[in-house]
1. Report every pair of residues separated by at least 6 positions or lying on different chains whose Cβ atoms are under 9 Å apart, first residue within segment 362-377 and under 18 Å from residue 322 (Cα atoms), second among the hydroxyl-bearing types (Ser, Thr, Tyr).
2. I need the helices (runs of 4 or more DSSP H) fully contained in segment 320-396, keeping only those with at least 2 residues that are over 16 Å from residue 132 (Cα atoms).
3. Would it be correct to say that residue 395 is at pLDDT below 95 and surrounded by fewer than 18 Cβ atoms within 10 Å (Cβ to Cβ)?
4. Residue 401 passes all but one of (1) small (Gly, Ala, Ser); (2) without any contact (Cβ under 8 Å) to a residue 60 or more places away in the chain; (3) closer than 25 Å to residue 325 by Cβ; (4) surrounded by 14 or more Cβ atoms within 10 Å (Cβ to Cβ); which number fails?
5. Out of curiosity, is residue 148 farther than 22 Å from residue 4 by Cα and touching a Leu at 6+ places or on another chain (Cβ under 8 Å)?
6. List every residue pair whose Cβ atoms lie under 6 Å apart, where the two residues are 6 or more positions apart in sequence or sit on different chains, the first residue falls within segment 310-334 and is free of Cβ contacts under 8 Å to residues at least 40 places away in the same chain, and the second residue, located anywhere, is buried (at least 24 other Cβ atoms within 10 Å of the Cβ) and polar (S, T, N, Q).
7. Name every residue in segment 68-106 that is under 20 Å from residue 34 (Cα atoms), out of contact with any helix residue (DSSP H, G or I) (no Cβ under 7 Å at 6 or more places or on another chain) and of a type in the set (D, E, K, R), in order of residue number.
8. Give just the number: which of (1) crowded, with 18+ Cβ neighbours inside 10 Å; (2) in contact with a Phe, Trp or Tyr (Cβ under 7 Å, 6 or more places away or on another chain) does residue 201 not satisfy?
Amino acid sequence: MTVLLVTIGSSGDVHPFVGLGIELKKRGHRVRVIVNPHYQKLMESVGLEIIPLGTAEEFERLRENPDLWHRTRGFPTIVNAIAQSYRPVYDAVVNNFVKGETVIAASTLAMGARVAQDKFDLPMATVHLSPSIIRSVIAPPKLPGLYMPDWMPIWLRKVLFAIGDKVVIDRLAGPALNAFRKEVGLPAVKGVVKWWWNSPKRVIGMFPDWFAPIQADWPVQTRLTGFPLYDERGVSDLSPQLQQFLDEGTPPIVFTPGTAMLHADKFFDESVKACKALGCRGILLSRHLDHIPDSLNDCIRHFDYAPFSQILPRAAAFVHHGGIGTSSQAMAAGVPQIVMPFTHDQLDNVDRMQRMRIARWIEPRNYKSKHIAATVSELLNNPATTAACKEITSRFRGVDAIGQTCDLIEQLRLS
């Protein structure tokens, strides 16, 4: 059959779909990926067909917007950007769908595909990469501007969610979405995030139940597989310079603010100072030179990119932004983590990992060299953290999350 994979976002959002595409192609299916042409070179390098979505220039303009990573302005920025994709995604899906031959797996933000599904009853699964995406009053995720402690009664949580839907989410996302739905002959919807963006046929959570168990108030069509862990290994392997750096000294601390973050000057400045204060080696990972400080030395080096599966098992600690793809790679490698979350799902991810005793949370305003150095020292000298990291790593053995997800996608043809 033909599988349309629809994905919108940064590398952390796109990489899982590349992994799915590679496996589905191995199984003999034709795979076509609807994605921004910023990722065309990657798709071509692994032999996947691309259906361009928007332009690379549009992708860069969004990534350069500092509001994208703001704790409160991040969500409106995402909503406005996604509204521009409704028509292009809808058209790409409809124009490349053949009844009886095609199934679709679409990422959370590919809401144009959900509109197409409503219009034509398409066999489509919604793929969520992070549990924070799925609404629950039983076990509410930790989200920007929304904190519901364990002692809060469920009735109050329902009230807070209802207010958030009415005052914030539906007011921001509803008008443009319903205007487009009207344009294609569909009625208006409410509860965009509460229920609508979940495919009624199948919801796939690409995370394990030990990270976030299925809740009684999640959509009944939800199935969990596991973390995908695709990281361009085999396409972008360790450079000889990075390999040499790893071989010639003690395990370094690895720092990255995420591939989409272009405004990490403070993050890297304070990280370098912390390494120097600790007297340890460090690696700064970023494909953008503008925010890399000039104060590096032979013990603190910058590299553009490295597959986490190759570098993290050789790291002493990992300091990052808390994206779900980055976090899961660190868990698989068994490396202690320090997370400085900006917004979106990052707060919920680090909250879960901190409860597991494998990570520490540092707020951006507290990301100072002295605090970083003290946290790293505590983390590396804590036997409970070492034991917890080792135990979590063992949970990845023998798990084929990508294969399980492909099984669920293949089943759509029978739905």
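The values are calculated or read from the model by the stated rules, or taken from the named source; none is laboratory data. Predicted, not measured: the structure shown is a model, and the values here were computed from it. FYI the Cβ positions are ideal-geometry reconstructions off the backbone, even for glycines, and counts take in every protein chain you see.
1. Close Cβ pairs satisfying both conditions: 362/375; 367/271; 372/271.
2. Helices (runs of 4 or more DSSP H) meeting the threshold: 324-333, 369-380, 383-394.
3. no
4. (2)
5. Considered against the rule, which asks whether it is farther than 22 Å from residue 4 by Cα and touching a Leu at 6+ places or on another chain (Cβ under 8 Å), residue 148 comes out as yes.
6. Final answer for the pair search is 322/346; 322/349; 327/349; 330/337.
7. Within segment 68-106, 91, 99, 101 qualify.
8. Among (1) crowded, with 18+ Cβ neighbours inside 10 Å; (2) in contact with a Phe, Trp or Tyr (Cβ under 7 Å, 6 or more places away or on another chain), the lone unmet condition for residue 201 is (2).
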